[in-house]
Amino acid sequence: MSATSDRRITDDLLRPLLTTTARFYLLVAFLGTIVATGVGAWLYQVYAGFGLTGIRWPVFWAFYVTNFVFWIGISHAGTLISAILRLVNARWRRPVTRCAEAITVFALMIGAMFPIIHLGRPWLFFWLVPYPNQRGIWPNFRSPLVWDFFAISAYLTGSVLFLLLPMIPDFALVRDRTTGWRHRIYGMLALGWQGTTKQWHRLESAMHVMAIAILPVAVSVHTIVSFDFSMAPVPMWHSTIFGPYFVAGAIFSGIAALILAMAVLRKTLRLEEYLHPVHFHNLGKLLLLMSLLWGYFVFAERLTVWYGNEPSEMAVFNATQHGAFAPLYWTMVVCNFVVPVSILSFKKLRTIAGCAVASSTVLVGMWLERFLIIVPSLSHKYLPYSWGTYRPRPVEIMITISTFAAMSLLYVLFAKFVPIISVWELKVGAHEAHPVPAGELSDDAQEMWRPQP
Amino acid sequence: MAHRWGMAVDLDRCTGCEACVTACRAENNIATVGAAQAAVGRAMHWIRVERYWEGEFPDVRLTFRPVLCQQCDAAPCEPVCPTYASHHTEEGLNAQVYNRCIGTRYCANACPYNVRFFNFFNPAWDKPLHLQLNPDVSVREVGVMEKCTFCVQRISAAEVQAKADSKPLADGDLKPACAQSCPATALVFGDLNDPESAVSRLSRSSRGSKLLDDLGTQPKITYLAKQA
Amino acid sequence: MKRRSFIALTAVTGTSATLASCGNPEHQLIRFIPDEEHVPGVAEWKPSLCPLCSAGCGLTVRIMEGDAEIIRDGQTGLIKMGLAKKLEGNPAHPISQGKLCARGQAAIQVTYHPDRLTHPLKRSGARGSGQFQEISWDEATAQLIAQLDGLATAGTPRALAFLHGPSASHRSDLVAAFLDRFGAPPALAYELFGDEVLRRANLVSFGRLQLPTFDFASSRYVISFGADFLGTWNSPVAQSAAYGRMRQGRPGVRGTFVQLEPRMSQTGASADEWIPIKPGTEGVLALGLAQVMMAANLRPADAAGRAGTIIEGWNRGLPDYTPPDVERTTGVTAARIERLARALADQRPAVAVVSGAPLAHTNGLFTAIAINALNALLGSVGEPGGVSFMPQIEPAAGPRTAADRQPGDAPRTLSSWAAAILGGNPSPVQVALIDGTNPVFASPGSWRIRDALLKVPFLASFGSFLDETSMLADLVLPDHSFLESWTDGRPESGAATAVATLAPPAMRPLHQTRAMPDVLLQVAGRLARPLNPPLPWQTFEEMLMASYAALPAPSAEADTWTTAQQQGGWWGGAANVASPAAGSRVPAASRVPAVADRSQAAPRRYAAPQFDGDAAQYPFHFLPYASQAFLDGSLAHLPWLQEMPDVISTAMWCSWVEINTQTAARLGIAEGDVVEIGSAHGTLRAPALVSPGIAPDVIAMPVGQGHESYTRYASGRGENPIRILAPVTEPETGALAWAATRVRVSRIGRGDSELILFAGGMREHPEHER
Ligand SMILES: Nc1nc2c(c(=O)[nH]1)N[C@H]1C(S)=C(S)[C@@H](COP(=O)(O)OP(=O)(O)OC[C@H]3O[C@@H](n4cnc5c(=O)[nH]c(N)nc54)[C@H](O)[C@@H]3O)O[C@H]1N2
Ligand SMILES: Nc1nc2c(c(=O)[nH]1)N[C@H]1C(S)=C(S)[C@@H](COP(=O)(O)OP(=O)(O)OC[C@H]3O[C@@H](n4cnc5c(=O)[nH]c(N)nc54)[C@H](O)[C@@H]3O)O[C@H]1N2
Ligand code: SF4
Ligand code: SF4
Ligand code: SF4
Ligand code: SF4
Ligand code: SF4
């Protein structure tokens, strides 16, 4: 049974890598076109001037920074979830971790582009980067934007490692299953993996160290992103709640992204046998928890502002609660709280479809949340004479849409070239559930899996 | 003794005439953006005359308040700037180095007074309007932030001249463009380190207060309230 | 190689490509040699004179070396020259006192305007089609001379008309002298917001045909009837400077300021007490105040002298103007009138000011006379803290007055002038010359100025821009800008001393323009039938020199001409004026009217203002007002002023219509909605601005936008409220009663960002206010 199941796992999970359908090309072409349009839009913006955006006095940040925070938030899907689940050794994590970690890396890559996209003079973006230079000046280490640079680059490095490490045995597996150029490329990626006890041991401890190390990095990243706002004396930005509020929101949106990605993958890659309803059920519980936590943060934030009745903050409060931004605000509340709580509180509704619906609304709601943190505050700073509003322009909308396409495209390509479910971890799971004597292991398993001492 | 430049704005004198607004534009090469851009919030006015209505007809009042960069001693726009484009000079001015600005617009968000303006497009002067440009003030390019400099070009010129003449700058020798033009003398500029300067004396007035003082920005501009 | 020849050479190199085709390279060389040395980066300051309004503020111009691309004799070359960089008030000048208003700051853009006319133009299409072709100055002057010779030959010199803006200067003196000696009637001055009514009232009350000067700096109480004296009226810079001192310039004394007007103006916004009043009843209020003072013996009735007694009932203590009577007429409560009267009498020196809309009614002259009487009663005429008349310098060419008018001449107001042309066959005006006025834009459509000008067979303009009036011209002879030419002016008010502002050119001309006075002198010298007697000057500079040399010298060593050029004019106290030093001409005490005012004898009595338009059909008073940026629209071409937010509405680059908050709510009009304003004489559409600072039955609109043709910045932008005004005039002066039109208002629809506002919020504490 084990031998056949091991082989089936391998076959199922490597199938997308080895057979390419027309549908794949169509999808890549479709997404690629959108991404290319977005890149074109940005280049045109650089050429024609930043004025193509809807940014204006006094709303100097809007869609681009919204996207930045949103995608950095999404990136918390992976690393955090898989690190925590790894550390607590939640068994159901095994088919989930790689999906999640991939989301992290891609979302970070997309998010990290926005600090450049939103610059007035993006060709000088490297002035944000601390390196010894002919200008003889360092960036200003007091600026949260420079902290962003450290936080994001550390997080990106960490998550890439975190994603790559457990991929090594799978690369080796693909290497051994392929010939020709694929063999050579996967061979290189496998870094000479032989599956020796020592290698397994090192991999496990590296994963363990990474899992611990990445947690504070992940928490710090979104805390620092929140500092971009809370460090500035802007009404309703300048708040101590922002760090945890942002981290909670990030995990919230991250889980939603993960659930959605898994649901899509399960359908398209026919992974029904590996991604079970119980996985969605468990992630759904987590999403419910985060939705409640998010609601708690919003309530706490709004209540203190309202009770404090500070005029400048009340201007922002009123604009969101019942002013010009109210339609967006209440949509956000429905998306982030009403819908997920009503669906996920009921075991019966916590199905794959239920979780996917809730996740979709959460993604919309969390994007709106980022927008509503940024724009209403900037629209209503202290001197009412200088109030202003914001309306996005096509270039911003196009670039925003293209980030979603970019995310999908990267994911499609990733699933094409890397087993989207960690093969060896799944097998370990299978063996932990049904241990077999070493002698009865399949060839594959013999190769791949030697029990730890 | 080092200078510490400051200003007093007497709201009891200000008539809302906006001479300061145009004078600043003329002195500091501030571009006009045109109707279409002005309509979408891109007009740049380093100094503006805020007006606020109080009451309803017929018991209605209007108050004017010229607002320019407050040259904060604890300027929120400075620490957030990643490139030191917005920075504090030794004389306590909040300086803006256009060449160093990469256009994050963070400073403008952080500035509680909304006195920072962004170049959304390359500024253009229909020829020969460009012949008016003040050669002492650099023009800004697309993507950089700009704001009131306290007419730093005039300050440096006067300081250099005083040094060359080996005599200290006298109070009133040096006026930024807005203060020089102000018909009602509502804007008084000078050295806060000189306790006898007009600006120091006005800043000690019982009518004086700082704009958004509670934010702790420590502005160097004192507003003298309208006396009722 | 010397610097000068080096520069000449570089300039020539720049043009050498095109030089081959041109006649005389030597000529080019000379043309491009800078005539002055500038040290790069070092500024020079030269005096000048702000040309933008009749206040006549003295300037200093910051000149620095720069490279200008210049066309000379058809050749383009880059030339190093002194360029004006910044205008400041001339600190020595008694009017500007080192200050400038927002418009004065923008005056520099006149010189560098991209749509300035750079060479003479001759009409190439139909009249008014706007099609012109470039011609040489020789051809242009020849055309003008031919037209004038034609009149002389035909024996109809009186068919020459000259239209200009009102300003007392050697420029206008020269025009007057030219016209006189040519045999033409005197020039016709037109200004939309002219002050003819107030001048006439001052003549009636005080014997001075002149605008008043106020000593606000020493006043303790200022009561103003609709006068925008801090914004657009009379001498705003001098008045604002004095206002500043009145408020905070005297230790322990702060002057009080009360403004009465139905729409809060920029000036009204600074008032301690702003009082809306029914349009056209300001004179009644003034007499109500006088009544209280006289009744309570707060002021002696005879203190007013003649200024009082010409008002019917004055000697009886104005029995028809008791506070309850006045309350009924003006809408200002009796208690308030009592209080104001007592405060005025109590806190002297007190002064009353009137101008603008109160005088732009059919009873405007009475209103002005009533307020003059109030000033007289307050004892503030000619006293510190009061109102006085600035000593005037007599014009070089001798005063030109109504006495010069002859029976067959076209009449003296623009409306009657136009009517005479339209009614005459042939037109009484055969050749019209236009300088510094744009009557086609700045007069009611019902006057049909455009039609009248089109009927004049030959029209020449000295304008620097193709505005609505010069568009109709056959010939355009573009003037230098003020910075490029000799300028001078004799302001009518704004200082305690006589002032003659004078400035030599501050920079060399950028374009192939010529100074209008020099063109006129050149034309005069070449007429087939010489002027009789001929003008004694070859150039305008000669004329100025002759005139200034005759003024009292500042000291034994210094001569007036040199000193005036250096300091930007001549000014002196009364003592100075009276000194018999050098001059054949000493400054006269006033602009003494040449004809005795026959109407003075009849006692004045209040008549209710007459409005055009039935109150039922046109329920609102229409109040056009001089805009802070553009005055009467003559400055709408300057982009700095277009982008300057109007201080009250914060609007830029657009027109708007001010509507009271309640009225707007009643009519379902929201801010930014496009509304239609209709009078019996036309309609216009503009976005609504909802304002708490305007009476519910008044609709106000700034003048300035709505140009059909006035450079790329103003053309086709917004609406011109003057267009729909009724042709109502103040009967005695014939001045346009521009506040006497009634209108209706209807909402058209949602505006598509036509209202461009700089400000977001209206109120400082929106939460507490709402
Ligand atoms: N074709 C042509 N070439 C010329 C000239 C010319 O007129 N025409 N002029 C010549 C002359 S006179 C000169 S001086 C040179 C100028 O040549 P460079 O000295 O190269 O001048 P820039 O390129 O303007 O500025 C140098 C760098 O300084 C950086 N920078 C900005 N602020 C700071 C700061 O605070 N600290 C530091 N360390 N760096 C900063 C800018 O990013 C820029 O990269 O060019 C010479 N070359
Ligand atoms: N906006 C802006 N301003 C700047 C700078 C900048 O990068 N941007 N750079 C700054 C720097 S580093 C510098 S060095 C200065 C340079 O400023 P300037 O010294 O003004 O330099 P240029 O304008 O290049 O040259 C000055 C003039 O000298 C003329 N010239 C050429 N050869 C000769 C000659 O042999 N003799 C004489 N007498 N004249 C000659 C040229 O025609 C030119 O018009 O500008 C400073 N100002
Ligand atoms: S007013 Fe604004 S721009 Fe000026 S120093 Fe203060 S924070 Fe900076
Ligand atoms: S916009 Fe320019 S000045 Fe402002 S923070 Fe960014 S780099 Fe600094
Ligand atoms: S101090 Fe200078 S830069 Fe600042 S507002 Fe005044 S004129 Fe403008
Ligand atoms: S120039 Fe002076 S009086 Fe006029 S608006 Fe500015 S500060 Fe006020
Ligand atoms: S008041 Fe203003 S526009 Fe008129 S002359 Fe003076 S500066 Fe010029």
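Figures for the structure shown
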| quantity | calculated |
| --- | --- |
| Matching strands (runs of 3 or more DSSP E) fully within the range C:47-146 where at least 1 residues are within 14 Å of chain B (Cβ to nearest Cβ) and buried (at least 18 other Cβ atoms within 10 Å of the Cβ) | C:58-72, C:75-89 |
| Options A:Ala77, A:Ala83, A:Ala48: the member that is over 29 Å from A:Val160 (Cβ atoms) and not aromatic (Phe, Trp, Tyr) | A:Ala48 |
| Every residue from the range C:225-245 that is part of a helix (DSSP H, G or I) and in contact (Cβ under 8 Å) with a residue 12 or more places away in the chain | C:Pro236, C:Val237, C:Ala238, C:Gln239, C:Ser240, C:Ala241, C:Ala242, C:Tyr243, C:Arg245 |
| Residue in the range B:23-35 that is surrounded by the fewest Cβ atoms within 10 Å (Cβ to Cβ), counting only those that are more than 16 Å from ligand 3 (Cβ to nearest atom), away from chain A (no Cβ under 14 Å) and in contact (Cβ under 8 Å) with a residue 40 or more places away in the chain | B:Asn29 |
| Some residue of the range A:383-402 being touching a helix residue (DSSP H, G or I) at 6+ places or on another chain (Cβ under 8 Å), closer than 28 Å to A:Gly284 by Cβ, modelled with pLDDT of 95 or more and open to solvent by less than 20 Å² (accessible area, probe 1.4 Å) | yes |
| Qualifying position, being more than 16 Å from ligand 1 (Cβ to nearest atom) and at the interface with chain A (Cβ under 10 Å from one of its Cβ atoms), among B:Arg61, B:Arg48 | B:Arg48 |
| Sole residue being open to solvent by less than 10 Å² (accessible area, probe 1.4 Å), assigned to a loop (DSSP other than H, G, I, E, B) and either of a type outside the set (A, V, I, L, M) or away from ligand 5 (no atom under 16 Å from the Cβ) (or both), chosen from C:Ala607, C:Ala636, C:Ala700, C:Ala686 | C:Ala636 |
| Only one of C:Gly398, C:Gly423, C:Gly382 that is modelled with pLDDT under 95, surrounded by fewer than 24 Cβ atoms within 10 Å (Cβ to Cβ) and more than 28 Å from the chain's Cα centre (by Cα) | C:Gly423 |
| Exclusive hit being part of a strand (DSSP E or B) and either more than 16 Å from ligand 6 (Cβ to nearest atom) or in contact (Cβ under 8 Å) with a residue 40 or more places away in the chain (or both), set B:Val49, B:Val9 | B:Val9 |
| Test for B:Gln227: is it more than 14 Å from chain A (Cβ to nearest Cβ) and either in contact with a Cys (Cβ under 8 Å, 6 or more places away or on another chain) or surrounded by fewer than 17 Cβ atoms within 10 Å (Cβ to Cβ) (or both) | yes |
| Qualifying residue in the range B:124-133 (condition: within 14 Å of ligand 3 (Cβ to nearest atom) and crowded, with 20+ Cβ neighbours inside 10 Å) | no |
| Checklist (1) more than 22 Å from the chain's Cα centre (by Cα); (2) open to solvent by less than 70 Å² (accessible area, probe 1.4 Å); (3) in contact (Cβ under 8 Å) with a residue 40 or more places away in the chain applied to A:Gly308, failing item | (3) |
| Any chance C:Pro40 is of a type outside the set (Phe, Trp, Tyr) and more than 12 Å from chain B (Cβ to nearest Cβ) | no |
| Flag for B:Pro58 being away from ligand 2 (no atom under 16 Å from the Cβ) and crowded, with 21+ Cβ neighbours inside 10 Å | no |
| Complete set of residues in the range B:137-173 that are touching a Gly at 6+ places or on another chain (Cβ under 8 Å) and away from chain A (no Cβ under 14 Å) | B:Asp171, B:Gly172 |
| Residue within the range A:338-357 that is open to solvent by less than 60 Å² (accessible area, probe 1.4 Å) and within 21 Å of A:Val65 (Cβ to Cβ) present | no |
| The range A:20-57: number of residues that are polar (S, T, N, Q), outside any loop (DSSP other than H, G, I, E, B) and within 14 Å of chain B (Cβ to nearest Cβ) | 1 |
| Condition broken by A:Tyr64, with the remaining ones in (1) open to solvent by 10 Å² or more (accessible area, probe 1.4 Å); (2) more than 21 Å from A:Pro419 (Cα to Cα) satisfied | (1) |
| Residue that is away from chain A (no Cβ under 13 Å) and over 12 Å from the mean Cα position of the chain (by Cα), where the choices are B:Ala38, B:Ala85, B:Ala74, B:Ala2 | B:Ala2 |
| Pair list, Cβ under 8 Å, 6 or more apart: the range C:443-457 residue more than 14 Å from C:Met471 (Cα to Cα) and in contact (Cβ under 8 Å) with a residue 40 or more places away in the chain, other residue assigned to a helix (DSSP H, G or I) and of a type in the set (S, T, N, Q) | C:Ser443/C:Ser415; C:Trp447/C:Ser415 |
| Lone unmet requirement of (1) within 17 Å of A:Ile399 (Cβ to Cβ); (2) assigned to a helix (DSSP H, G or I); (3) within 16 Å of ligand 1 (Cβ to nearest atom); (4) not β-branched (Val, Ile, Thr) for A:Met113 | (3) |
| Residues (at the interface with chain A (Cβ under 7 Å from one of its Cβ atoms) and of a type outside the set (A, V, I, L, M)) located in the range B:88-118 | B:Gly103, B:Thr104, B:Arg105, B:Tyr106, B:Asn109, B:Pro112, B:Tyr113, B:Asn114, B:Phe117, B:Phe118 |
| From C:Ala242, C:Ala238, residue being crowded, with 24+ Cβ neighbours inside 10 Å, within 19 Å of the chain's Cα centre (by Cα) and farther than 18 Å from C:Ser627 by Cα | C:Ala238 |
| Any chance B:Ala186 is under 30 Å from C:Ile95 (Cβ atoms) and more than 16 Å from ligand 3 (Cβ to nearest atom) | yes |
| Some residue of the range A:135-155 being within 16 Å of ligand 2 (Cβ to nearest atom), without any contact (Cβ under 8 Å) to a residue 12 or more places away in the chain and either under 20 Å from the mean Cα position of the chain (by Cα) or over 26 Å from A:Ala256 (Cβ atoms) (or both) | yes |
| Residue match in the range A:119-128 (condition: more than 16 Å from ligand 5 (Cβ to nearest atom), in contact (Cβ under 8 Å) with a residue 40 or more places away in the chain and part of a helix (DSSP H, G or I)) | yes |
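For every residue, the table says whether it meets (1) away from ligand 4 (no atom under 16 Å from the Cβ); (2) acidic (Asp, Glu); (3) over 23 Å from A:Glu425 (Cβ atoms).
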site	(1), (2), (3)
A:Leu108	yes, no, no
A:Ala112	yes, no, yes
A:Ile117	no, no, yes
A:Trp127	no, no, yes
A:Ile137	no, no, yes
A:Val146	no, no, yes
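The values are calculated or read from the model by the stated rules, or taken from the named source; none is laboratory data. Just so it is clear, the structure is predicted and the values come from calculations on it, not from any experiment. Please note: Cβ atoms are built from the backbone with ideal geometry, for glycine as well, and neighbour counts cover all protein chains shown. To get the accessible areas, we keep the full protein, side chains included, count just its heavy atoms, and leave off ligands, DNA and RNA. Shrake-Rupley method; radii C 1.70, N 1.55, O 1.52, S 1.80 Å.
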